[in-house]
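None of the figures in this text is laboratory data; all of them are computed from the coordinates on show. Note that the structure is a prediction, hence the values are computed from the model and not measured. When we count neighbours, we look across all protein chains shown, and the Cβ atoms used for this are built from the backbone with ideal geometry, even at glycine.
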Amino acid sequence: MVKQPLAFRMRPKNIDEVIGQQHLVSKGHTIRRMVEANRLHSMILYGPPGTGKTSMAIGIANSLGLRFKLLNAAIDKKKDMQIAVEEAKMSGQLVVILDEVHRLDKAKQDFLLPHVESNLITLIGCTTANPYHSINPAIRSRSHIFELYRLEPSDIIEAIERAISDNENGLGDLSLVVEKEAKEHFANACNGDLRAALNGLELAAYSTPSEDGEIVIDLANAEACMQKKSFSHDKGGDAHYDVLSAFQKSIRGSDVDAALHYLARLIEAGDLESIARRMLVCAYEDIGLANPHAGPRALAAVETAERIGFPEARIPLSVAIVELCLSPKSNTAYSALDAALSDIRNGDTGEIPAHLKDAHYKGAEALGRGVDYKYPHAYDSGWVKQQYLPDKIKNKQYYHPKDTGKFEKNLQQIYQKLNK
């Protein structure tokens, strides 16, 4: 018989054995309250891989002494769900733990919903995707939604020590000694993914030769079995948009180090397309007239990166990011346009002044079109005072220049002079 993986064997038997997630399972918090009150409701658990979503669901069901059935929305068919419902009808309430719940199609959902509604089935859905983006509202409205956080290194070390000492489900029968530096490497290199850490520990335990009856896992063994830091980044997932958001906000906030950190994450994920888009948006949205050269230079860096590809693409990208971060910031241009668009959409427009209307046709003058228009180039300064906005909004001011960056300071002076 094939032995189940260590991560599977070490799943918690109750919520007291759940690793981390104290904001949900510690005394006084929501899931603990549900268990203590024996009032389990359908819920969706979402968070990064390896944070213990399925394990927590199993722990909850075990703590309440409820039977549970593990299903996967992507793999299991409607027939499997029908079997689960028949089991519940025969023997009472059943907890259905549904992995990848965001992949639940309409047919399966329509079948399950009435049974969830009647509480014959208590649904615990598990997903790495943000349920507010990816799960049908009909499921969401019938479920509590709980977010699980990436585990801290201290949480991972706690789980490793538990696995080392557990004789029944863990590695306690191996006379295993894991050095402190090795534990720390497993804990840090897994990037909060407990499953990855336990897989690495298990590989090290069974592949390291014993010496004098002991298996000693040192840092070198841990590094060999973890290979490299696990990096979780699904381009279509919730975490992807969090990284992009942090990337753009770091540039806007002029934090070079943070922007380079998030750039590194995106490079590691190989997502040049998203990097390029956010850089160009930042150059015009957040820097704008404070440094108008930033846009063309960001575009040049992006085009160079696309031409040469990774790994060298990181070089022009890094140069552009440092400039974007340390450039003065101004959003005055697009803010002014947004204000104008808002007026138009709200019907606050008015009639175009007659002297600005098209006069390139016979009879225009008789209609008063173009009459009294003053041609700026006919004046020595290239400017002449006249009304351009409709009467209704003739005193409207959309553009409010900032005193930031040499270029916009010059624009500010000209703007103020013209509007005196």
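Worth pointing out:
- Across the stretch 266-420, Cα pairs under 8 Å and at least six residues apart give a relative contact order of 23 percent.
- Cα-derived Rg over Rh, computed across the chain with Rh taken as Kirkwood radius: 1.16
- HN-Hα J in Hz across the stretch 18-33 - Karplus 6.51, -1.76, 1.60, θ = phi - 60°, x for Gly and Pro: 5, 8, x, 6, 5, 5, 10, 10, 7, 3, x, 9, 4, 5, 4, 4
- Using θ = phi - 60° in the Karplus curve 6.51 cos²θ - 1.76 cosθ + 1.60, the 3J(HN,Hα) couplings for the stretch 128-135 round to 8, 9, 4, x, 6, 9, 10, 10 Hz; x is entered for Gly and Pro.
- Theoretical ellipticity at 222 nm over the chain - DSSP helices of four or more residues, -39500 (n - 2.57) apiece, nearest 500: -14000 deg cm²/dmol
- Cα gyration tensor, the stretch 1-148 - rounded (a/c under 1.5), prolate or oblate: rounded
- Here the gap between E147 and D173, fully extended at 0.36 nm per residue and compared with their Cα-Cα distance, gives a gain of 5.8 nm.
- Summed side-chain charge close to C126 - residues other than C126 whose Cβ falls under 10 Å, Lys, Arg +1, Asp, Glu -1: -1
- Using θ = phi - 60° and Karplus 6.51 cos²θ - 1.76 cosθ + 1.60, couplings along the stretch 57-64 (whole Hz; Gly, Pro as x): 4, 5, x, 5, 4, 5, 4, 9
- Of the two radii for the stretch 218-347, the radius of gyration is 1.10 times the Kirkwood radius, both from the alpha carbons; that is the Rg over Rh value.
- Other-chain or far-sequence residues with amide H under 5 Å of I44's (modelled H): G125, H144, I145, F146
- A339 paired with K394, simple spin-label distance in nm, labels 7 Å along Cα-to-beta-carbon: 2.0 nm
- Shape category assigned to the stretch 161-202 from the gyration tensor of Cα positions, a/c cut at 1.5: oblate
- Estimated from the Cβ-Cβ distance and a Förster radius of 41 angstrom, the FRET efficiency linking V281 and K79 is about 0.30.
- Of the Cα atoms belonging to the stretch 345-413, the radius of gyration and Dmax stand at 16.2, 49 Å.
- For K78, a cut-off of 21 angstrom between C-alpha atoms picks up these lysines, skipping any fewer than 8 places away in its own chain: K69, K89, K106, K108.
- At most 12 other Cβ within 10 Å, DSSP loop - chymotrypsin sites (Phe, Trp or Tyr not before Pro), the stretch 173-231: F231
- Cα gyration tensor shape for the stretch 326-384, rounded if a/c is under 1.5, else prolate or oblate: oblate
- Listed residues A305, A189, A224, most fluctuating in the chain (Gaussian network, C-alpha, under 10 Å): A224
- Built amide H within the under 5 Å cut-off of T122, gap 5+: L94, V95, V96
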